[in-house]
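The values are calculated or read from the model by the stated rules, or taken from the named source; none is laboratory data. Computed from a predicted model, the values in this text were never measured in an experiment. Cβ placement follows ideal geometry from the backbone for every residue including glycine, while neighbour counts extend to all protein chains displayed.
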């Protein structure tokens, strides 16, 4: 994947390489690698209008991948109904629109 070297370079420049784990695999296989490992922030950019938003949110919650009050940032198609009706364990904080693309910040509910 072309983005892996860019991400590695950005991690090195920000001196975060030691704190990051970069996986180049299917999202559901990757999520399974992090069972009971809580993060403050998770960023996801699933294929648009594919049903993956809710599935990933459910997997993140089921595996306790976000700390209490942790943030989940999702890039999505602005018309995606999954964004309008997130699972009950996530609270939508803010959405920014960039043409047909949206970025929504969710917080894990207590």
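The table that follows gives values for the structure above.
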item: Counted residues, region 37-53 - those being surrounded by fewer than 17 Cβ atoms within 10 Å (Cβ to Cβ), touching a strand residue (DSSP E or B) at 6+ places or on another chain (Cβ under 9 Å) and outside any strand (DSSP E or B); result: 4
item: Members of region 8-34 found to be under 26 Å from residue 92 (Cβ atoms) and assigned to a loop (DSSP other than H, G, I, E, B), listed by number; result: 34
item: Output for region 54-110, where each listed residue is in a loop (DSSP other than H, G, I, E, B) and out of contact with any helix residue (DSSP H, G or I) (no Cβ under 8 Å at 6 or more places or on another chain); result: 64, 78, 79, 85, 88, 99, 100, 109, 110
item: Residue in region 62-80 that is at pLDDT 90 or above, more than 22 Å from residue 109 (Cα to Cα) and in contact with a strand residue (DSSP E or B) (Cβ under 8 Å, 6 or more places away or on another chain) present; result: yes
item: Considering residues of region 81-103 that are over 21 Å from residue 38 (Cβ atoms) and within 13 Å of the chain's Cα centre (by Cα) only, the residue modelled with the lowest pLDDT; result: 83
item: Sole exception among (1) in contact with a strand residue (DSSP E or B) (Cβ under 9 Å, 6 or more places away or on another chain); (2) surrounded by 12 or more Cβ atoms within 10 Å (Cβ to Cβ) for residue 94, by number; result: (2)
